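Okay, structure first, notes after.
Values quoted throughout were computed directly from the atomic coordinates according to the rules given, and no laboratory measurement underlies them. What you are looking at is a predicted structure, and each value in this text was computed from that prediction instead of being measured. All Cβ positions, glycine included, derive from the backbone under ideal geometry; neighbour counts span all protein chains shown.
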Amino acid sequence: MDRFDIINRIGDSYRVGNTEAGEFSYAKALKLVGKDIKDYQKAAAGTQHNFLDIRFENERLAILVECKNYFCKWDKSKILGQLQDYVRFEKALSGKRIVAILAETEGDDIWVWYGHSVIIDDEHRSNETVLRTFEEYEDICFGKVNDKIKVVDSIKSLNEKLHADGINEKLTEEHEDYIQLKTRVDIAVELMATADFFSKEMFLRVLGTEKAMKLADELRRADEERKAKDLEKYSRAVDHA
């Protein structure tokens, strides 16, 4: 993926460069805010790293992209150290949440790091293999994250709520399949946060898919059956009073 493709994929409207070549000079940027890059450089190698290839930002997120032709042609420890230097400079410059990326320009590999600390090593590297848009990275960093563990926990809680309300196993499994298919934590959370079936129905209809519509109809029928049974029980209780 060449530089042009990387910029277009993440979003050119977020790109910020401060050199004629379009790179980002941390020495120049830090100087503008009254800081000296030398205060944030470590050892001799750190003094060689001043220009980040591509930088994107908005008011709360900075995405740092360092490009290499092929990772295998570089000393891995050196390019990881280089990216770690840029992360350190960025923290000193903006204090924003950071997504750090190494990207091949003649190959297709990308290595991505994000989180609160942004430690650039193999242990902390994400499993991302496809470059995302700026908005997608922002969702990952600020809440709308496709966290598999959260999805599983959400499904479990949702299943318990549905069983407690008398929804059959088949319908529960369809909910589970649907949420896993979308891998959207916010769907599960929204469903769990809603107590009555009609609100769940409305939420599902907003999703606008055929399967969601089917689930909405089944939820409505299940709720009507439950209400009918409750009414019948109440009537019997009145008759025997």
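Observations, loosely collected:
- Mean Cα-pair separation over length for segment 3-141, i.e. relative contact order, pairs under 8 Å, 6 or more apart, %: 23
- Net charge over other residues, Cβ less than 9 angstrom from the Cβ of Asn18 (K, R count +1; D, E count -1): +1
- Here the simple spin-label model places points 7 Å from the Cα toward Cβ, and for Ser126 and Arg226 these points are separated by 3.7 nm.
- Cα shape, segment 3-141, gyration tensor, a/c 1.5 rule: rounded
- Of the peptides 64-74, 99-109, the order by per-residue mean of other Cβ atoms within 10 Å, starting with the highest, comes out as 99-109, 64-74.
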